[in-house]
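Report on the structure given below.
The values are calculated or read from the model by the stated rules, or taken from the named source; none is laboratory data. In this text the structure is predicted, and so the values were computed from the model without any measurement. Note that each Cβ is placed from the backbone with ideal geometry, even for glycine, and that neighbours are counted across all protein chains shown. Quick note on the areas: whole protein, heavy atoms, side chains included, nothing else; ligands and nucleic acids left out. Shrake-Rupley method; radii C 1.70, N 1.55, O 1.52, S 1.80 Å.
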Amino acid sequence: DNLSGINKAHGYGVGDRILERMGILMRAYFRQHDWVARYSEDTIAVLLPETTPADALTLAERTRKMVEERLTFRDYRTDQRAVVTVSVAVTSARALEGEPIDHVRFIAEAEAALERAKVGGRNRVECVEIAPRLVSIEEATRLLNTTIEGIETLVAEGRLDTVNAGRHVRLERKAVEALAAQGL
């Protein structure tokens, strides 16, 4: 948080050391198959494959606390201790077979969540889950509280359109959710 302010107040060398220590701390904290990389000037991205959103949220909160507790520096001019904090965005995306994750939307959602964490007071975690654009027929039956025959009727009436996704037939999530909101 506030790396540009730290750089202005204490010099770019301090900011560089903080980033270096942050990278070392993060690389040691996460699993070997997780990806930890500098994403932009003041942002580190961590990709956690095969991790549930709940587990990612827990890890994010632990990381936030760990940085606050362990990553500090002393201003050599005043000998005062300065605490370093991080704002964290946890972004998760589910995908169905045959449907790729929209990476542009994923990055935009992550950046928006990070901005919310910063605007909301910094040193906090924001979470966003991205649902697939398409739903399976089975999921649609649950969302609409109907049967497969009910879905077939909605398709025949033109109230739902099918989408071929690889070898699967899917339905647009927005259309299914709109019908569910109407109580159908």
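Answer with yes or no whether Ile18 is assigned to a helix (DSSP H, G or I) and either open to solvent by 80 Å² or more (accessible area, probe 1.4 Å) or more than 27 Å from Val128 (Cβ to Cβ) (or both). Reasoning before the result, please.
On the way: assigned to a helix (DSSP H, G or I): yes; either open to solvent by 80 Å² or more (accessible area, probe 1.4 Å) or more than 27 Å from Val128 (Cβ to Cβ) (or both): no.
Considered against the rule, which asks whether it is assigned to a helix (DSSP H, G or I) and either open to solvent by 80 Å² or more (accessible area, probe 1.4 Å) or more than 27 Å from Val128 (Cβ to Cβ) (or both), Ile18 comes out as no.
With the condition kept exactly as written, say whether any residue in the stretch 3-26 is closer than 18 Å to Ile107 by Cα, of a type outside the set (Gly, Ala, Ser) and in contact (Cβ under 8 Å) with a residue 60 or more places away in the chain.
no
Out of the stretch 124-138, which residues are more than 30 Å from Ala112 (Cα to Cα) and either touching a residue at least 24 places away in the same chain (Cβ under 8 Å) or open to solvent by less than 70 Å² (accessible area, probe 1.4 Å) (or both)?
Ile137 - this is the single residue of the stretch 124-138 that is more than 30 Å from Ala112 (Cα to Cα) and either touching a residue at least 24 places away in the same chain (Cβ under 8 Å) or open to solvent by less than 70 Å² (accessible area, probe 1.4 Å) (or both).
It is to be established whether one or more residues within the stretch 58-73 are more than 28 Å from Tyr29 (Cβ to Cβ) and modelled with pLDDT under 90.
No: zero hits.
Can you pull out every residue in the stretch 21-58 that is in a helix (DSSP H, G or I), of a type in the set (Ser, Thr, Tyr) and open to solvent by 70 Å² or more (accessible area, probe 1.4 Å)?
Scanning the stretch 21-58 gives a single hit, Tyr29.
Out of everything in the stretch 139-175 that is touching a Leu at 6+ places or on another chain (Cβ under 9 Å) and of a type in the set (Lys, Arg), what residue ends up being most open to solvent (accessible area, probe 1.4 Å)?
Arg159
For the stretch 1-58, give me the residue count where each residue is charged (D, E, K, R) and closer than 27 Å to Ser92 by Cβ.
9
Say whether the condition of being open to solvent by less than 40 Å² (accessible area, probe 1.4 Å), assigned to a loop (DSSP other than H, G, I, E, B) and within 19 Å of Ser4 (Cα to Cα) is met by at least one residue in the stretch 59-76.
Checking the stretch 59-76: at least one residue is open to solvent by less than 40 Å² (accessible area, probe 1.4 Å), assigned to a loop (DSSP other than H, G, I, E, B) and within 19 Å of Ser4 (Cα to Cα).
In the stretch 78-102, what residues are open to solvent by 40 Å² or more (accessible area, probe 1.4 Å), part of a loop (DSSP other than H, G, I, E, B) and either acidic (Asp, Glu) or without any contact (Cβ under 8 Å) to a residue 24 or more places away in the chain (or both)?
Within the stretch 78-102, Thr78, Asp79, Gln80, Glu97, Pro100, Asp102 qualify.
So Glu139 fits all but one of (1) touching a strand residue (DSSP E or B) at 6+ places or on another chain (Cβ under 7 Å); (2) among the charged types (D, E, K, R); (3) under 24 Å from Pro53 (Cα atoms); what number is the exception?
With (1) touching a strand residue (DSSP E or B) at 6+ places or on another chain (Cβ under 7 Å); (2) among the charged types (D, E, K, R); (3) under 24 Å from Pro53 (Cα atoms) applied to Glu139, the lone miss is (1).
Taking the stretch 54-105 on its own, how many of its residues are among the charged types (D, E, K, R), within 16 Å of the chain's Cα centre (by Cα) and under 30 Å from Ala165 (Cα atoms)?
Step one: list which residues in the stretch 54-105 are among the charged types (D, E, K, R), which gives 55, 61-62, 64-65, 68-70, 74-75, 77, 79, 81, 94, 97, 99, 102, 105.
Narrowing further to those that are within 16 Å of the chain's Cα centre (by Cα): 55, 61-62, 64, 94, 102, 105.
This time we only want the ones that are under 30 Å from Ala165 (Cα atoms), so: 55, 94, 102, 105.
So the answer is 4.
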